[in-house]
């Protein structure tokens with residue numbers, strides 16, 4: 001459990017959705033006592049704002065200054081007098097109250113990522129000067145972890161939502177997608193429609209008011225960038241210093257972002273074939289990019305005929321394609337993995353360690369519960385991450401998902417041709433095809449709120465064009481691009497250029513005069529990979545092996 005709070009460093013994908021519908025909290029608040037919130041025909045948010053969190057030590061194994069509490073939030077902000085949810089929150093107070101500026105919220109990504117323990121990881125990485133500036137605030141988003149966790153009652157095999165298209169299994173995959181959607185409706189149909197990005201943003205603003213703050217500062221990773229972007233759209237006057245690391249394109253939430261995994265993998269694969277060809281004497285995969293390409297696809301074809309055993313597990317061609325999608329963003333890992341794959345295919349002993357790097361290190365991985373002890377962990381349903389993930393991905397913007405199963409067949413066939421490594425995984429049928437219609441329209445992110453977008457050039461979960469798209473939507477933003485940067489999640493990585501730029505912004509509130517370009521170093525890329533491995537799950541994912549590629 002002591003390692004759990006390090007998981008914030010393994011950020012996830014971010015996405016943008018939602019539009020203003022429910023009444024917002026007060027547009028003007030005093031530092032100590034927020035102004036009255038607006039009333040609705042069915043109630044008021046006043047009673048929520050007046051809550052006094054009962055702070056206490058989170059866990060006997062964590063520092064005494066790390067405190068947790070629970071507040072109530074409305075299930076439906078349009079009906080604040082109705083059903084309520086728990087919101088688990090945490091904090092580490094500023095180390096110098098006389099220098100304190102305010103609160104620094106954070107989110108690790110997801111959807112489905114638990115952020116309750118993020119303040120501990122933030123404290124490890126932020127310089128003392130930044131810890132003096134802010135109370136570090138964490139929370140499990142609604143429906144996640146200790147915040148009224150949702151469940152669909154799914155078995156582990158039902159949670160595998162990324163399935164490659166095959167003509168002979170497509171009808172079964174359609175039936176699986178329909179069954180998952182039906183199970184979610186039967187198990188939690190009264191709650192899941194309200195587990196959305198917009199409502200999580202409203203929870204954040206309610207928490208701001210409960211804490212007595214005029215504004216919040218924020219560090220969000222992956223999905224957390226979408227969460228932050230939607231906050232700037234709904235509550236522009238309450239956004240102070242916003243860092244959005246490894247960003248989602250709001251216009252592509254959510255199906256388009258999943259498809260971007262396939263689109264982004266192709267240029268990374270081409271880069272890898274060139275890299276490996278230039279080092280043919282070391283790896284022996286071919287002395288031209290075309291030959292390296294052929295080596296890989298011959299192995300896929302062989303595994304399709306007869307699965308290749310890797311570390312005691314049979315791997316099909318689909319398994320190899322899936323593993324390679326993330327590996328190619330770090331060419332050395334991909335080359336080492338394919339070398340070991342060749343050995344295994346020839347019946348020779350292969351290095352499990354190097355194959356783990358190739359496959360994402362998922363064998364035996366388990367997702368974090370984010371709970372504060374064994375008893376609390378037992379209360380979090382085993383499928384909570386998948387259920388909360390589907391609630392947001394399907395419910396934020398149902399218009400992005402076709403209701404015609406045959407359209408997924410056509411897209412999967414077409415995209416496998418265009419993006420052979422992963423196109424059919426990304427575009428084939430998902431439970432969202434049978435999900436209920438969204439309660440609200442998708443949010444169009446288009447504002448001038450100041451923010452800093454941070455992006456690696458080679459990111460397997462949120463490709464560089466995704467970050468550039470968010471930069472264009474947030475017209476008051478500046479963008480920091482790490483050329484040659486590999487991995488999902490940038491700050492902090494030990495690179496003086498990247499870390500210095502982000503930290504200066506958090507300390508001073510001054511954005512760079514123009515967009516910044518930093519050059520990756522071997523050490524900073526290695527730090528990013530180490531941080532991702534530390535999470536115990538796939539880079540960019542809060543989930544276990546059974547549902548590998550999440551935002």
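Has the range 175-188 got at least one residue that is crowded, with 22+ Cβ neighbours inside 10 Å and closer than 20 Å to residue 74 by Cα?
Checking the range 175-188: not a single residue is crowded, with 22+ Cβ neighbours inside 10 Å and closer than 20 Å to residue 74 by Cα.
Okay, residues lined up against (1) surrounded by 15 or more Cβ atoms within 10 Å (Cβ to Cβ); (2) in contact with a strand residue (DSSP E or B) (Cβ under 6 Å, 6 or more places away or on another chain):
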site	(1), (2)
51	yes, yes
56	no, no
75	yes, yes
81	no, yes
85	yes, yes
90	yes, yes
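Is there a residue being surrounded by fewer than 23 Cβ atoms within 10 Å (Cβ to Cβ), touching a residue at least 24 places away in the same chain (Cβ under 8 Å) and touching a helix residue (DSSP H, G or I) at 6+ places or on another chain (Cβ under 8 Å) anywhere in the range 141-153?
Yes, some residue in the range 141-153 is surrounded by fewer than 23 Cβ atoms within 10 Å (Cβ to Cβ), touching a residue at least 24 places away in the same chain (Cβ under 8 Å) and touching a helix residue (DSSP H, G or I) at 6+ places or on another chain (Cβ under 8 Å).
Output the residue which, of all residues in the range 442-465 that are under 13 Å from residue 225 (Cα atoms) and out of contact with any helix residue (DSSP H, G or I) (no Cβ under 6 Å at 6 or more places or on another chain), is surrounded by the fewest Cβ atoms within 10 Å (Cβ to Cβ).
In this case the residue turns out to be 451.
Please work out which one of (1) farther than 20 Å from residue 223 by Cα; (2) within 23 Å of the chain's Cα centre (by Cα) is the condition residue 431 fails and give its number.
So the condition that residue 431 fails would be (1).
Does residue 314 qualify as being modelled with pLDDT under 95 and surrounded by fewer than 18 Cβ atoms within 10 Å (Cβ to Cβ)?
Yes, satisfied.
Mind counting the residues in the range 110-147 that are assigned to a loop (DSSP other than H, G, I, E, B) and over 25 Å from residue 76 (Cβ atoms)?
So the count comes out to 3.
Go through the range 222-250 and give me each residue that's assigned to a strand (DSSP E or B), out of contact with any helix residue (DSSP H, G or I) (no Cβ under 6 Å at 6 or more places or on another chain) and either without any contact (Cβ under 8 Å) to a residue 12 or more places away in the chain or surrounded by fewer than 24 Cβ atoms within 10 Å (Cβ to Cβ) (or both).
If the condition is that a residue be assigned to a strand (DSSP E or B), out of contact with any helix residue (DSSP H, G or I) (no Cβ under 6 Å at 6 or more places or on another chain) and either without any contact (Cβ under 8 Å) to a residue 12 or more places away in the chain or surrounded by fewer than 24 Cβ atoms within 10 Å (Cβ to Cβ) (or both), then 240 is the only one that fits.
Suppose the filter is surrounded by 15 or more Cβ atoms within 10 Å (Cβ to Cβ), over 26 Å from residue 133 (Cβ atoms), modelled with pLDDT under 95 and in the same structural domain as residue 220 (by TED's automatic domain parsing); does residue 526 pass it?
Against the criterion (surrounded by 15 or more Cβ atoms within 10 Å (Cβ to Cβ), over 26 Å from residue 133 (Cβ atoms), modelled with pLDDT under 95 and in the same structural domain as residue 220 (by TED's automatic domain parsing)), residue 526 qualifies.
Go through (1) modelled with pLDDT of 95 or more; (2) not in a strand (DSSP E or B) for residue 69 and report which single condition fails.
The failed condition is (2).
Sort out which residues of the range 475-519 are surrounded by fewer than 18 Cβ atoms within 10 Å (Cβ to Cβ) and at pLDDT below 95, and write them in order of number.
Within the range 475-519, 494 is the sole residue that qualifies.
Please determine whether any residue of the range 156-173 is crowded, with 24+ Cβ neighbours inside 10 Å and assigned to a helix (DSSP H, G or I).
No: zero hits.
The values are calculated or read from the model by the stated rules, or taken from the named source; none is laboratory data. Keep in mind that what you see is a predicted model, and the values were worked out from it rather than measured. With ideal geometry, Cβ positions are generated from the backbone for all residues, glycine too; neighbour counts draw on all protein chains shown.
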